[in-house]
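Below is one structure, written out as structure tokens; the observations come after it.
The values are calculated or read from the model by the stated rules, or taken from the named source; none is laboratory data. From a predicted model like this one, the values you see are computed outputs, not experimental measurements. Note: ideal-geometry Cβ built from the backbone for every residue, glycine included; neighbour counts use all protein chains shown. Calculation scope for accessible area: heavy atoms of the full protein, side chains included, ligands and nucleic acids excluded. Shrake-Rupley method; radii C 1.70, N 1.55, O 1.52, S 1.80 Å.
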Amino acid sequence: MLQEIDYPISVQFDFESGTFDPVKVRTDRCVSDLALMFADKKVVQEIINNGDRLVYEIWYHPFETSKSDMALGVTRILPGKVGAEYHMTKGHIHERDDQPEIYFCIQGEGYLLLQTLDGDFRAERWTPGTISHIPPMWAHRVVNTGNKMLIFVASYHLSAGHDYQPIEEKGFKKLVVETDGKVAFIDNPHW
Ligand code: PA5
Ligand code: NI
């Protein structure tokens, strides 16, 4: 017997704004939320002292039925840098080690950084239309290296869980920075 939550649901995505309706939860992440992630702590403190700054928004909708738990997330990363480092998501690994994810770049350009706990590292170049599979056991972070908003759609199981601790401790192996007007990958001294 189907319950009310077992019926199909659709949301409407707007390609111009990169938002969808209806949204259940919207989360804003500011420089202060990424204080452990950005490398230039002096610039981080200056931005926070000057009233903080939005780095990205997450628009979220869970789709739970009596037998499943899918989630939809749309992330909108503003263009910008903190010091030399481009705006990026915090980055996390899934709590469950059997849980993958799909990311779909809608607008903007940048990189998807992927890393295992053992230190295998990959960077996938992103342009509008790139769809990336994030296998289980790979931490993931998106970096906006362009001059407009980077927007991507994420689809995953709610039960995957988000673990931020390994990234808070050491970060990713590479920092993505602007050097002489160009995108550069440099070693993370804390890795
Ligand atoms: O579930 C995901 O992987 C995404 O929806 C992310 O949560 C989102 O992009 C924001 O990144 P983070 O969770 O690392 O702050
Ligand atoms: Ni994820």
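Tabulated results
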| quantity | calculated |
| --- | --- |
| Residue-level accessible surface for residue 117, protein heavy atoms, 1.4 Å, Å² | 120 |
| Å² per residue, accessible surface of the chain at 1.4 Å | 53 |
| 22 Å Cα-Cα threshold exceeded, pairs from 24/81; 41/173; 41/148 | 24/81; 41/148 |
| Nearest-0.05 FRET efficiency for residue 116 and residue 3, computed from C-beta distance (R0 35 Å) | 0.35 |
| Sorted peptide list for 30-40, 160-170, criterion being average Cβ within 10 angstrom, highest first | 30-40, 160-170 |
| Cα lying deepest toward the dipole's positive end in segment 1-62, options 22, 32, 62, charges on Cβ | 32 |
| Packing-based ranking, highest mean first, of 10-19, 89-98 given that Cβ atoms within 10 Å are counted | 89-98, 10-19 |
| Separation of the residue 15 and residue 168 label points, Cα + 7 Å toward Cβ, nm | 4.0 |
| Segment 150-166 - phi-based ³J(HN,Hα) in whole Hz, Karplus 6.51/-1.76/1.60, Gly and Pro as x | 9, 10, 9, 9, 10, 9, 7, 7, 3, 6, 4, x, 10, 10, 9, 4, x |
| Full-stretch length increase - residue 49, residue 96 - with 0.36 nm per residue and alpha-carbon distance subtracted | 13.2 nm |
| Heavy-atom accessible area order for 88, 149, 137, largest first, 1.4 Å probe | 137, 149, 88 |
| Percent accessible area from carbon and sulfur atoms, segment 1-109, protein chains only, probe 1.4 Å | 53 |
